[in-house]
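The values are calculated or read from the model by the stated rules, or taken from the named source; none is laboratory data. Nothing here was measured: the structure is a model prediction, and the numbers come from that model. Positions of Cβ are generated from backbone atoms using ideal geometry, with glycine treated the same way; all protein chains shown enter the neighbour counts.
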């Protein structure tokens, strides 16, 4: 209770910075759907302003309001006073979760599965063998593996199943272990690339090899911890960060690269601010890792020096590719131009910018599970923006966004491929016109 009170006082100080100007209202994807003030950051911060009283009177109601948030960071990115709204909401969820008992199912998932990477991998491996019992056959597909659900509760959803073989179990991963020159790069794979999109992880390794990078892939990697923290489980978050700190020693590499926007933002921003440890050494390692962490597109453009090839004088008709900005890349890390350059480096496509490319797709991690109808309403707007470009492929830099876009496009029966940026770059990686400075 003493720790909770200390956290509440800190939270009060953070909330007090909000001037209630309402700038967050115009950029909130949830408010654009519901038109409810309580869904805007300003409304939630006003609720938190009296958290001490509301916390004891109606902790469940406070949690429900805070839970109905995508944590996309649109409000924080547009706040004129620089209020870190996402961090405030995460702290508030931790406080309330510390007072209320965590639901049994969440406790099992986070503290007995997610916080034990080896056990989590075994459960997922078992699930991948039986998952197709829950999918229905259909003639329409956006992704080669995208399928509808049999369950009446999820019959309107299109899911990307778990990969038959996760990345961490694949043999013959193209890692050149004897490269003596070039930067040393550790690859933080992340849960979704490992278990749903191993093809993207393979492309990342192949690209790094192509550019003469020494690739280091620690075995038995754990989750970055953001799913647990978003649910208020600070204990599991701390365990996972500490676990990964043992695997990624900053002295072993020059850069840490990820292909997941959420993992990148979590390691760079959330680990330093939310990880609690009595060890000053651990805190120092967290800061070092944050400094060395790059999104794969940012690394390839800003560090390796990938640039656009010269365009031929005679332009021919090409399929169109467009790009969706993951919230955690553009709004949290200001990574904007680099993924677009990688797409345009593949001369097989004509690039077209979609309207409102930076708007949230509606995924929001567990938000999609708890508030699917709202998630889908936001996603439909994104699909409309994609269609305007006439694109045959939409690329992004976040595997969670890939899941959401595949679902939304399939619901609308749109034959538009969803890909990771590195997949498009990898298609043409050996082309002689793709140069580095």
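Quick one: would you say residue 212 is over 24 Å from residue 73 (Cβ atoms), outside any helix (DSSP H, G or I) and modelled with pLDDT under 95?
On the way: over 24 Å from residue 73 (Cβ atoms): yes; outside any helix (DSSP H, G or I): yes; modelled with pLDDT under 95: yes.
In short, yes.
Conditions (1) assigned by TED's automatic domain parsing to the domain that holds residue 429; (2) touching a helix residue (DSSP H, G or I) at 6+ places or on another chain (Cβ under 7 Å), marked per residue:
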| site | (1), (2) |
| --- | --- |
| 302 | no, yes |
| 316 | yes, no |
| 319 | yes, no |
| 338 | yes, yes |
| 366 | yes, yes |
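Residues in segment 128-137: is at least one at pLDDT 85 or above, over 30 Å from residue 26 (Cβ atoms) and surrounded by 12 or more Cβ atoms within 10 Å (Cβ to Cβ)? Before the answer, list the steps.
Step one: of segment 128-137, the residues at pLDDT 85 or above are 128-129.
This time we only want the ones that are over 30 Å from residue 26 (Cβ atoms), so: 128-129.
From what is left, the residues that are surrounded by 12 or more Cβ atoms within 10 Å (Cβ to Cβ) are 128.
Scanning segment 128-137, I find at least one residue that is at pLDDT 85 or above, over 30 Å from residue 26 (Cβ atoms) and surrounded by 12 or more Cβ atoms within 10 Å (Cβ to Cβ), so the answer is yes.
If a residue must be surrounded by fewer than 16 Cβ atoms within 10 Å (Cβ to Cβ), modelled with pLDDT of 55 or more and either in a loop (DSSP other than H, G, I, E, B) or within 22 Å of the chain's Cα centre (by Cα) (or both), how many such residues does segment 139-172 contain?
The number of residues fulfilling the criteria is 7.
On the phi < 0 side of the Ramachandran plot, crowded, with 22+ Cβ neighbours inside 10 Å and out of contact with any helix residue (DSSP H, G or I) (no Cβ under 7 Å at 6 or more places or on another chain): which single residue out of 325, 347 fits that description? Steps first, answer last, please.
On the way: 347 fails: crowded, with 22+ Cβ neighbours inside 10 Å.
Among 325, 347, only 325 is on the phi < 0 side of the Ramachandran plot, crowded, with 22+ Cβ neighbours inside 10 Å and out of contact with any helix residue (DSSP H, G or I) (no Cβ under 7 Å at 6 or more places or on another chain).
What helices (runs of 4 or more DSSP H) lie completely within segment 289-375 and have 2 or more residues being closer than 22 Å to residue 423 by Cβ? Even if it seems obvious, please write down each step before you answer.
On the way: elements: 327-333, 337-344, 367-370.
So the answer is 327-333, 337-344.
What's the total number of residues in segment 358-369 that are at negative phi and either touching a residue at least 60 places away in the same chain (Cβ under 8 Å) or surrounded by 19 or more Cβ atoms within 10 Å (Cβ to Cβ) (or both)? Show your work before the answer.
We begin by selecting, within segment 358-369, every residue at negative phi; these are 358-361, 363, 366-369.
Pick out the ones that are also either touching a residue at least 60 places away in the same chain (Cβ under 8 Å) or surrounded by 19 or more Cβ atoms within 10 Å (Cβ to Cβ) (or both) and you get 359-361, 363, 366-368.
Adding up the residues that qualify gives 7.
Scan segment 212-239 and report the pairs whose first residue is assigned by TED's automatic domain parsing to the domain that holds residue 364 and whose second residue is assigned to a loop (DSSP other than H, G, I, E, B) and surrounded by fewer than 21 Cβ atoms within 10 Å (Cβ to Cβ), with Cβ atoms within less than 7 Å and a gap of 6+ or a chain change.
none
Looking at this structure, is residue 255 in contact (Cβ under 8 Å) with a residue 12 or more places away in the chain, surrounded by fewer than 21 Cβ atoms within 10 Å (Cβ to Cβ) and either touching a strand residue (DSSP E or B) at 6+ places or on another chain (Cβ under 7 Å) or assigned by TED's automatic domain parsing to the domain that holds residue 423 (or both)?
Values: in contact (Cβ under 8 Å) with a residue 12 or more places away in the chain: yes; surrounded by fewer than 21 Cβ atoms within 10 Å (Cβ to Cβ): yes; either touching a strand residue (DSSP E or B) at 6+ places or on another chain (Cβ under 7 Å) or assigned by TED's automatic domain parsing to the domain that holds residue 423 (or both): yes.
In short, yes.
Which condition does residue 190 not pass, out of (1) buried (at least 23 other Cβ atoms within 10 Å of the Cβ); (2) touching a strand residue (DSSP E or B) at 6+ places or on another chain (Cβ under 7 Å); (3) at negative phi; (4) at pLDDT 95 or above, if it passes all the others?
(3)
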